[in-house]
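Participant: Mind looking over this structure? Questions follow.
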Amino acid sequence: MTHAVLKIVVVGHVDHGKSTLVGRLLNDTGSLPHGKLEAVKAASEKRGVAFEWAFLLDALQAERDQGITIDTTQIRLKTKPRETIIIDAPGHREFLKNMITGASSADAAILVVDAVEGLQEQTRRHGYLLHLLGLRQVVVAVNKMDAVDYRPERFAEVSDQVQSYLSEIGVTAAHIVPLSAYKGDNVVARAKVLAWHAGPTLIEALSGFKSQALSTELPLRFPVQDVLKLDDRRILVGRIESGRLRVGDEILFSPSGKSARINSIENWGGKVPVIAAIAGQAIGITLDDHIFVERGQVGSHPIAAPRESRVFRVNLFWLGNHALEPGQRYKLRLATSEQVVEVERILKVVDLDDLKSEAITKVDRHAVAEVVLLAKGALALDEFPENARLGRFVLVDGYDIVGGGIVASADAEVARLAEAVKSRNLFPVGHRASLEARWLLNGHKGGVIWLTGLSGAGKSTIAMEVEHQLLRKGRQVYVLDGDNLRQGLNSDLGFSPEDRTENIRRVGEVAHLFAQAGAIVITAFISPYQADRDRVRTIQPEAFHEVYVKAGVPECAKRDPKGLYAKAIKGLIPEFTGISAPYEAPEEPEMTVETEGHSVESSVAQLLDYIESAFALENRENESALRG
């Protein structure tokens, strides 16, 4: 029988002996490289300093820098019946984001408390963070018992302090273990000087913990990490966070709502076909239908899908240098998804010293708060008690983690705290006029001509002239232009990658409404990301025509019709496509219009010919039937 790896984070007040305890665990479980302990002791003697168990972590850091696979923050212990990973979290207040990052991936925690100093500010803070991150498997290690002469009454005093505080915040310690990390007493081996303690040693206490991260009993959660294109196959790659799946299972992808059946589970070169996989495995799957799936979507079985919501209440620990306030926007990372969220409301802030909550309008650094977040688009998530793997998140500002926490609620009461929340009780209204009838009335099919290309490639010029020519022929046609829509419908959006994605999503929905009305709609947008254009295509694939208006950056910069390239080159326009932001050329466009070295008239003629052919009604013989 195989056992899942158990991840344990070690936390506590600075100088309470965490590193010493980790060093002891490495040594006493036989997890050190051969000769490492002797080498560190010799080096200490040579430098004229007393040996400390914490020195082992420094030595292993040096080895890691030389390419050895032991990491000071992810340290493997050789324990039975399974392997254990110790996550060593910094105790200093200024390194709390490291602690949160480590604890967010842990299954359990060791809270280290100094027997001499007892419960301290950082002990309280770390204890609350364990509660906030939903870690319910906790062992308290009362360290430095040798410094209080192993007195049971002092252990009882510290135990009462810790238990009283943890119970107030809803955390129950599985065990409270007296030990001396420096001496090795009660870490792995029992100590005679602590014979009065009837409970387990530290390593025995840890052996009772479960690897919750690999639970196969919870509903399937398969966050998509990447989509690989091999030959004509699209392989969805990711790690199963919970549950299990099999070939033939129907999989629903949230929040897109697309579903298909699993055609195969990729074996990555193995000779034996794989027909099933479980939580903890990194896999690739193929589907029996070519639905659009992208990174960040979550696969599940339809009967037990994650929640989908734009609005949710979170318990949040704030690490930003500037206070968190309503209206501010940050990037939220949850599993493999990233989404821009806005602070919709601050419900309360908790004082970690007395656990009283206050109704205030901002959250200062190192404070804990209950906050309502509003995302730009629907997110697939779970409330933390239901499934921790889709219930933990971090907030990012630029490249810095500024907060972390858990999803407390995504129910209807929370949704009512903000406007424009996606509802599960919306039902499309059917039109009495069929799409074919609209086509017949117009004399042509409807659809979307999606012009994409760099700024200055000629998209708007071509679009407006094509619109003019088609109108002269009596066609129902309309141009959606990027600049025009950004002055109205999308005036709230900037030019970050997230805002560009939302801009294209909205435009795509509007364009397809035009197409469903039977019109020819021409869009003129840079739309730099292939995934965004693919997403628009999936709304109505048969009505979407991607046209690449092609011209290189030098040519576009030479034209520079709006003076934008000159400003971007001077650094006056950040995130400018082709200069400081990427452009992903279409992979398989329906048409490419080369404008470099060609006149506007010839480009317009090419596109007109394509539209006349693609949008023509193939069969006019059944007009009377369609009218009926």
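The values are calculated or read from the model by the stated rules, or taken from the named source; none is laboratory data. This is a predicted model, so every value here is computed, not measured. Neighbour counts run over all protein chains shown; Cβ positions are idealised from the backbone, glycine included.
Participant: Quick one: which helices (runs of 4 or more DSSP H) lie wholly within segment 412-494 and hold at least 2 residues that are modelled with pLDDT under 80 and within 27 Å of THR595 (Cα to Cα)?
Facilitator: 482-486
Participant: Moving on. Considering (1) modelled with pLDDT under 85; (2) farther than 28 Å from LYS258 by Cβ; (3) small (Gly, Ala, Ser), say which one ALA605 fails and leave the rest.
Facilitator: (1)
Participant: Starting from residues that are in contact with a helix residue (DSSP H, G or I) (Cβ under 9 Å, 6 or more places away or on another chain) and over 17 Å from SER460 (Cβ atoms), keep the ones in segment 521-537 and report whichever is surrounded by the fewest Cβ atoms within 10 Å (Cβ to Cβ).
Facilitator: ALA531
Participant: Scan segment 219-242 for residues that are in contact (Cβ under 8 Å) with a residue 60 or more places away in the chain and either outside any strand (DSSP E or B) or not basic (Lys, Arg) (or both) and jot them down.
Facilitator: Passing the criteria: PRO219, LEU220, PHE222, PRO223, VAL224, GLN225, ASP226, VAL227, LEU236, GLY238, GLU241, SER242.
Participant: Given the conditions (1) in a strand (DSSP E or B); (2) surrounded by fewer than 17 Cβ atoms within 10 Å (Cβ to Cβ), report the number of the one that GLY327 does not fulfil.
Facilitator: Among (1) in a strand (DSSP E or B); (2) surrounded by fewer than 17 Cβ atoms within 10 Å (Cβ to Cβ), the lone unmet condition for GLY327 is (1).
Participant: Here is a follow-up. Which count do you get for residues in segment 550-602 that are at pLDDT 85 or above and small (Gly, Ala, Ser)?
Facilitator: Within segment 550-602, residues that are at pLDDT 85 or above and small (Gly, Ala, Ser) number 7.
Participant: Determine if segment 547-570 includes at least one residue that is under 17 Å from ALA511 (Cα atoms) and either touching a strand residue (DSSP E or B) at 6+ places or on another chain (Cβ under 6 Å) or in the same structural domain as GLU294 (by TED's automatic domain parsing) (or both).
Facilitator: Yes: segment 547-570 contains one or more residues that are under 17 Å from ALA511 (Cα atoms) and either touching a strand residue (DSSP E or B) at 6+ places or on another chain (Cβ under 6 Å) or in the same structural domain as GLU294 (by TED's automatic domain parsing) (or both).
Participant: For GLY299, are the conditions met, namely being crowded, with 21+ Cβ neighbours inside 10 Å, on the phi > 0 side of the Ramachandran plot and modelled with pLDDT of 90 or more?
Facilitator: It is false that GLY299 is crowded, with 21+ Cβ neighbours inside 10 Å, on the phi > 0 side of the Ramachandran plot and modelled with pLDDT of 90 or more.
Participant: Residue check, ARG505 against (1) modelled with pLDDT of 85 or more; (2) under 25 Å from ARG329 (Cα atoms); (3) surrounded by 21 or more Cβ atoms within 10 Å (Cβ to Cβ), all met but one. Which one?
Facilitator: (3)
Participant: Scanning for something at pLDDT 90 or above, surrounded by 13 or more Cβ atoms within 10 Å (Cβ to Cβ) and small (Gly, Ala, Ser), does segment 214-229 turn up at least one residue?
Facilitator: no
Participant: Next question, about the same structure. Could you list, in sequence order, the residues of segment 302-324 that are surrounded by fewer than 16 Cβ atoms within 10 Å (Cβ to Cβ), in contact (Cβ under 8 Å) with a residue 24 or more places away in the chain and aliphatic (A, V, I, L, M)?
Facilitator: Hits for segment 302-324 are ALA304, ALA323.
Participant: Of the residues in segment 508-558, how many are part of a helix (DSSP H, G or I) and of a type outside the set (A, V, I, L, M, F, W, C)?
Facilitator: 16
Residue-by-condition table, conditions (1) within 23 Å of THR29 (Cβ to Cβ); (2) at pLDDT below 85; (3) out of contact with any Cys (no Cβ under 6 Å at 6 or more places or on another chain):
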site	(1), (2), (3)
THR84	yes, yes, yes
ALA106	yes, yes, yes
VAL112	yes, no, yes
LEU133	no, yes, yes
ARG136	no, yes, yes
ALA141	yes, no, yes
VAL148	no, no, yes
GLU157	no, no, yes
